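Values quoted throughout were computed directly from the atomic coordinates according to the rules given, and no laboratory measurement underlies them. Since we're looking at a predicted model, the values are computed, not measured. Cβ placement follows ideal geometry from the backbone for every residue including glycine, while neighbour counts extend to all protein chains displayed.
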Amino acid sequence: MRFILSVTAAIFAAGAAAAQPVSDSTRALHAEAVAAAAVDEAREAAEDAAARRGLLATLPDGQVRNAEGRILWDWTPYAFLREETAPLSVHPRLWRQARRNANHGLFEVVPGAIWQVRGYDIAVMTIIRGERGWIIVDPLTTEEAARASLALVNRTLGERPVTAVLYSHSHADHFGGVGGVIDRAAVARGEVRIVAPHGFEREAVSENVLAGGAMNRRALYMFGSFLAPGADSQVDTGLGPRIAGGTIGFIAPTETVGPEGGLRTIDGVEFDFLDAANTEAPAEFLFYLPRWRALHTTEVATKTLHNLLTLRGAQIRDALVWSRVIDTAMQRWGGEAEVALASHGWPTFGRETVGTYLAGQRDIYRFIHDRALGAANGGATPHELPAILEAMSLGIDPSARGYYGTINHNAKAVYQRYFGWWDGVPANYDPLPPEEAARGYVALAGGPDRLLEAGLAAHRAGNHRWAAELLNHLVFADSSNAAARAALADAYEQIGFQAESGAWRNYYLAAAATLRGREGEQAPRSQSADFVSAISTQDLFDALATRLVPAAPVTEPRFFRFVFSDTGEVVTVERRGMIEIPRIGPNDGPVTAEVRTSRMAFAGLLGGRVQAGQLIAAGQLTLSGDILALQQWLAEHRSPDPAFNVVVP
Ligand SMILES: [Zn+2]
């Protein structure tokens, strides 16, 4: 999974949405899915068994608490997942996947050598026995989750020091918890190696700084962060149960593995690395452990189809490179690997099953890429692609089904990667903005009551997608229309119930909750100071420049200089026209006003954690030059609303 640094450490904040009865079309679709899944039953049963295999110990009550005793993770409210048969409100395949992801605890993967802690975060932490201590691969999203997981390891297997940490890729759910398994001082003393793929640091910290606001907002929908656990609410993400709460931190790697990959010995264990940059993450590697014939497929191959373009928004991933990397891994180790394990989900055991699994994962990305591009080259447009590809999607390996990513949205992503968002139809290039178009549709329909009736009729007929399209116009024409909101919520809810993808389900059910006025509160997010200080100064000022809300063009350019005592950096921001241009480095040009402080204090100022007056009083900030101009410039910057509307205008 790839998500933003400011992901909310939310636990189950909202009450369950008022679910409506399951529609006939939802029932019919689920019955069809059960019948279709029956052909894969042997393989599905093997996955069920693999997800349970090797359990050694669990955290008491399945709970993770922080230092103050607050519960950050809790399996208790998920007791409903014990039912083997899916309720009508959950796609049967997603239900089975959720039950696999609900196996939690410390699991033995290779006796005496490799273990995993699963089920206390969306991600998985792998533990390898080194000569002197534990080698930890992917220390989860938060420090609290990682600390509890390591404690479980030490309690069960015997206390050993952590000698190395591997970050398999640049997404926060695989490094944010590092502070829970090692401390910075031990790294500084050279007692712990931290190994990461090339490009890791830049990607991990900076890639979502500029677009983080909107990604974070949409991520709450995609991960169902404000939905309560429940059979008519949040059940799973498809990739793992949900995201851990707590503190996301950062410690920089001490070494990186280059594009050439290759052999490296870490605490007496030989690793063979394969570069996987620009697959699921821009910085990523796979590795093979020859001694145990174990292949770590990171997030390039997990027990689901993944995302080429995630619902929270991101830059589009390359399906072709993705498929090629899996093929390379198969060519290199496929004939001998006895076990495949990953950064999410459970392992695959047995040489033959590993081969089938890897082939299925490789083939699905190749299928989506080639069939989508082939159809697009024949004139198919984004919203025509899903049906074309779904009709051809026969014989897909069960592990590559759309529990998380879907053929539907990945086909559109391939189109977008090559052609952009526009389908080539002139009417769609510059349509009216949503609210204006919505008012037009309402008028055309003969008024709100007529459009509502049409939407409700479509809903009753089981055409929930058409109902959603009609009713969405009604809500966008007048978001105070309570009947329209309720009807749209009901349509979204059925679409959510029908979804095989946990991400789709969460998004539609969270949308329904919003329309019903039940969007829960978000638990306070928490990033460690380490994380903030790791953001590059260029990114910091570029992000600041996106917050400029200019009232009028500046005709006479102004220059604001920042001198940072802790990093020794000098930044000059040229404010001109309706923009500003930050430049890093010495500059003898004109200066309107100058600020001398530390970069850490300045970041605190931007983050709203401290006020300028406090810093001045504490002697941590001095100003010179045209102070009034500086104040005016600061006042021109505004933080966007982090809780902006998503499903209503
Ligand atoms: Zn992940």
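Counting only Cβ charges, +1 for Lys and Arg and -1 for Asp and Glu, the dipole size of segment 536-635 around its Cα centre is about 180 debye.
How charged is the neighbourhood of ALA512? Take every other residue with its Cβ under 13 Å from the Cβ of ALA512, and add Lys/Arg as +1 and Asp/Glu as -1.
Net charge in that neighbourhood comes out at 0.
Amide H contacts of LEU72: VAL64, ARG65, ASN66, each under 5 Å away and 5 or more positions distant or on a separate chain (H built 1.01 Å from N in the peptide plane; Pro and chain starts excluded).
Residues ILE71, ILE407, ILE364, arranged from fewest to most other Cβ atoms within 10 angstrom of their Cβ, appear as ILE71, ILE407, ILE364. In order along segment 154-163, phi translates into HN-Hα couplings of 5, 5, 8, 9, x, 5, 9, x, 8, 9 Hz, rounded to whole numbers, per the Karplus curve 6.51 cos²θ - 1.76 cosθ + 1.60 with θ = phi - 60° and x for Gly and Pro. So what's the net charge close to VAL475: Lys and Arg +1, Asp and Glu -1, counting the other residues with Cβ under 13 Å from its Cβ? That works out to -1. Per residue, the chain reaches -11500 deg cm²/dmol at 222 nm when only DSSP H runs of four or more residues are counted, each adding -39500 (n - 2.57).
For segment 17-124, the list of trypsin sites (Lys or Arg not before Pro) that fall in a loop by DSSP and count at most 13 other C-beta atoms within 10 angstrom reads ARG70.
Each of GLN331 and ILE627 was given a label point 7 Å from its Cα along the Cα-to-Cβ line. The distance between the two points is 6.7 nm. Under the rule a/c < 1.5 gives rounded, and otherwise a/b versus b/c splits prolate from oblate, where does segment 536-635 land using the Cα gyration tensor? In terms of gyration-tensor shape, rounded. Label-to-label distance, ILE71 versus THR567, with points set 7 angstrom from Cα along the beta-carbon direction: 4.1 nm. Need one word for segment 311-376: rounded, prolate or oblate. Basis is the Cα gyration tensor (sqrt eigenvalues a ≥ b ≥ c); a/c below 1.5 gives rounded, then a/b vs b/c decides. Since a/c reaches 1.5 and a/b is larger than b/c, the shape of segment 311-376 is classed as prolate. Each Lys or Arg adds one and each Asp or Glu subtracts one; over the other residues with Cβ under 12 Å from the Cβ of LEU106, this totals +1. Looking at segment 300-405, the GluC sites (Glu not before Pro) that sit in a DSSP loop and have at most 14 other Cβ atoms within 10 Å of their own Cβ are GLU336.
Residue separation of ARG184 and LEU444 scaled by 0.36 nm, minus their Cα-Cα distance, works out to 87.2 nm of gained length.
Below 8 Å, C-alpha to C-alpha, sequence gap of six or more: please give me the relative contact order for the chain in percent.
Reported as a whole number, the value is 15 percent.
Which trypsin sites (Lys or Arg not before Pro) from segment 122-230 combine a DSSP loop assignment with at most 10 other Cβ atoms within 10 Å?
Those that pass, being in a loop and sparsely packed, are ARG189.
The gain in end-to-end length when the GLN611 to LEU394 segment is fully stretched comes to 72.1 nm, 0.36 nm per residue minus the alpha carbon separation.
Considering only chymotrypsin sites (Phe, Trp or Tyr not before Pro) in DSSP loops that have at most 12 other Cβ atoms within 10 Å, the longest stretch of the chain without any of them is 1-420. Please say if the chain is rounded, prolate or oblate, where rounded means a/c under 1.5 for a ≥ b ≥ c the square roots of the C-alpha gyration tensor eigenvalues, and otherwise the choice is prolate for a/b larger than b/c and oblate otherwise? Since a/c reaches 1.5 but b/c is at least a/b, the shape of the chain is classed as oblate.
Applied to segment 297-308, the Karplus parametrisation 6.51 cos²θ - 1.76 cosθ + 1.60 on θ = phi - 60° returns per-residue 3J(HN,Hα) values of 8, 6, 10, 6, 10, 10, 8, 6, 5, 9, 9, 7 Hz, with x for Gly and Pro.
Relative contact order of segment 536-635: 24 percent, from C-alpha pairs under 8 Å at least 6 residues apart in sequence. Label sites at ASP641 and ARG351, each approximated as a point 7 angstrom past Cα along Cα to Cβ, lie 6.2 nm apart.
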